[in-house]
Every structure is written in structure tokens, then in C-alpha cells.
Amino acid sequence: MKAIQSRLRGGGRIWLGYGFAMGAALSYGASQTVGKHVTTEYAPPLVGTAFALLFGLAYVSVMFHRHIPTDIRTSSRKGFLWFGLSGIASASGVTFLYFALSKAPVVVVSPVVAINPLITLTLAHLLLQRLERITKRTILGTLLVVLGVVIITLSRSTS
Amino acid sequence: MLGIAFGLMAATCWGFSAILVRLGLQHIRPTTGTWLSLLPGCILVMSLALIFNPDVFPELTAVAFLWFALSGLFNFALGRFFNAVSIQMAGVARATPLFSTAPLFATILAVIFLGESITPWLIAGTVTIVCGIALITSEQAR
């Protein structure tokens, strides 16, 4: 990974980043399809997510077993803090989603949840001005993506 | 109303999560960062599952665990790791809208594997998403 990254500079690196982002979307999409089967056949969402997280942690522990102990010994504690809080925020998001779905139908909750890239963009503008450049093109593109996701989720949940 | 409020809280939590990953990547590589983000999440959600659904645990079958393993692979191993790498390489503002297109892929997979039908709304949504992605990625192509 590091070797690939060091050979890529500027545009190439960003395009690889886009490729990984689409890879993440495909993985999340596959997990939604699997998750739907899990929650309808085997377990409530909270239990399904808890075990999926446990298995995910096990996979990552095996996949990156060479990096993890070294990084834990040598890396800055700030990194631990930010990533730890990120994990808590992400898990809290999943929990709130389940609470939302228990109080309102999918057709109401899905579009609300789909706006999360807009919230991320706003937070990035407020908190990451030193690290991130947000342009009108990025904002417009994000709006279109959110609109498309809302159309798809609404059409699926009402059909 | 409460459902909408919880939905907004979920979206806000995920927004903060992406920002925190961006901050964390200044100090730790994505591999270890992914592991560090999964650990507290796992403890939190497992605790909540034990509190809210304690009676479900003894009834879980071996097949259920195979499905949990598959879900964990896609969502929390591959998805979370790709997510962190993409934020590191493309930045949080450009990567987040791209990986939030997951419902599109879920729908495509449902059409292929679950026999769901292709509707005009699905086509409209897909075209809109592709236009959005083209706008975001063209930023760098110029």
C-alpha cells in the first residue's frame, strides 16, 4: 500500500482515493443486502450489527496484524483519540438509526439519514479549513448524490 | 417527529465520524486506524445488544454466525478500511459523497441476486448520482 502511495502524486493519488471510495460504497452496498437477509431471518438489527462488528474487528486484526502492535507502540496518542471517537460516533450513528426506524417508517427515515454527506461537508468546512478545500463543484456534486440516493431509497421503500 | 430527530442524530454522528477519521489519519495509518475505530464501536454496540436483546443470544444458530461473518467482512473490514484509505487519498469532502452511494450498489445487487425489478425511479436516481460523481471527480480532472 505504501509503495503504491509513494509512486502516486497529486491527481493519480486522488483518483486512487476515488477508486477506494467506490470500493467502500460497493462493500457497504453488499453489506446492506446481506444485512437485510440477516435482520429478516436470523437476528434483530442491534444483535446482527454487534456480531458483524465483532467479526469485522477479527478480520482487521488478522489482516493487519503486522502494523497494529507496532503502531500502537509508536504512534501519537492523538491518533488513538480521533479514531476511537470516530468508532464511537459511527456506532452511535448505527444505534440512532435503529431507534429512528423503531419510531418512524423507512420512507421517512431514509431521506433524513441520506443527508449525512451534506452534514460532513458542513463540518469539514467548519472544522477542517486547514486540511480540506471545499468548492462549489463539490457542494453541487454532493447535493446531486444525496438527491439520487434519496430517490433510490424512497422508490425501494415505497415499492 | 422523534424518528426524524433520531435520523438526523444518526447522520450527524456519521458526519463527525468521517471528520474524526480525517483528523486521526494525520497521526496513524488507515490499517491501524480502522482497527482502533472498530474496537470501541464493537464494545458499545455489543453492550447495547446485550441490554436490549438479551434473550436472542442463546437462540442464535451456526448459520446466523456465517451471515454475521459475511456482513462483518463487507461492512466493517473492507468497507471501513476502504473508507479510511479514500479519505486519506482524496480528502473527506470528496470521498464522503462517493461512499455514500452505497444504496445504489445495494439496489444493483438486489436486482442481480434478489430479482428486484428495475424501475424508472431507480434509473432516475442512478443518473442523478452519476452526474454528482462526475461533478465531484471532474474537479481534479481539470
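Rg and Dmax of the range B:2-100 over Cα atoms: what are they, in angstrom?
15.7, 44
Comparing B:82, B:52, B:74, which has the greatest mean-square fluctuation in the GNM of chain B with Cα pairs linked when under 10 Å apart?
So, out of B:82, B:52, B:74, the one fluctuating most is B:52.
Could you pull out every one of the aspartates and glutamates with an alpha carbon less than 14 Å from that of residue A:36, ignoring same-chain neighbours closer than 8 positions?
Output for residue A:36: B:116.
Within a 10 angstrom radius of the beta carbon, how do B:111, A:145 rank from fewest other beta carbons to most? Present the calculation step by step, with values, prior to reporting the outcome.
On the way: B:111 14, A:145 27.
Result, fewest neighbours first: B:111, A:145.
Taking chain A as a Gaussian network, where each spring joins two C-alpha atoms under 10 Å apart, which residue of A:124, A:52, A:100 fluctuates the most?
Fluctuation is largest for A:124.
Take peptide B:56-69, look around each residue's Cβ out to 10 angstrom, count Cβ atoms belonging to other protein chains, and average those counts.
Working: counts 6, 4, 0, 3, 5, 3, 0, 2, 7, 5, 2, 11, 15, 8.
Neighbouring Cβ atoms belonging to other protein chains average 5 per residue here.
Which residues does the label zone of residue B:65 cover in the range A:44-64, counting backbone N under 12 Å from a point 7 Å along Cα→Cβ?
Backbone N within reach: A:55.
With springs connecting C-alpha atoms under 10 Å apart, model chain B as a Gaussian network and identify which of B:97, B:120, B:30 has the largest mean-square fluctuation.
In this elastic network of chain B, the residue with the biggest mean-square fluctuation among B:97, B:120, B:30 is B:120.
Arrange the following residues from fewest to most other Cβ atoms within 10 Å of their Cβ: B:89, B:1, B:9, A:63.
The fewest-first ordering by Cβ neighbours comes to B:1, A:63, B:9, B:89.
Share of Cα-Cα pairs in the range A:43-103 beyond 19 Å, in percent?
47
For chain A, what number results from the quotient of the Cα radius of gyration and 2.2 N^0.38 Å? Don't skip to the answer; put the middle values down first.
Working: Rg = 18.4 Å, N = 159, 2.2 N^0.38 = 15.1 Å.
This ratio for chain A stands at 1.22.
Once the piece of chain linking residue A:136 and residue A:106 is laid out straight, how much longer is it, given 0.36 nm per residue of separation minus the C-alpha distance between them?
Details: separation 30, 0.36 × 30 = 10.80 nm, distance 3.10 nm.
The span from residue A:136 to residue A:106 would gain 7.7 nm if fully extended.
Helices from chain A with mean Kyte-Doolittle at least 1.0 and a Cα length along the axis of 30 Å or more, per DSSP H: which? Numbers along the way, then the final one.
Numbers: long enough: A:11-41 (45 Å, 0.12); A:77-103 (39 Å, 0.76); A:136-158 (33 Å, 1.36).
The answer, listed by residue number, is A:136-158.
On alpha-carbon atoms, Rg over Rh for the protein assembly as shown using Kirkwood Rh? Don't skip to the answer; put the middle values down first.
Working: Rg = 18.3 Å, Rh = 19.2 Å.
Using Cα coordinates only, the ratio equals 0.95.
Based on DSSP H runs of at least 4 residues, each adding -39500 (n - 2.57), what is the mean residue ellipticity at 222 nm of chain B after dividing by all its residues, to the nearest 500 deg cm²/dmol? Please list the in-between numbers first.
Working: 7 runs with 110 residues, N = 142.
Value at 222 nm, helices only: -25500 deg cm²/dmol.
Cut-off is 10 Å between beta-carbons; in what order do B:55, A:71 appear when sorted fewest neighbours first? Intermediate values should be presented prior to the final figure.
Details: B:55 6, A:71 21.
Lowest to highest Cβ neighbour count: B:55, A:71.
Coordinate-derived values only; no laboratory data. The structure displayed is predicted, hence computed values, not measured ones. As a convention, Cβ positions derive from the backbone with ideal geometry for all residues, glycine included, and neighbour counts pool all protein chains shown.
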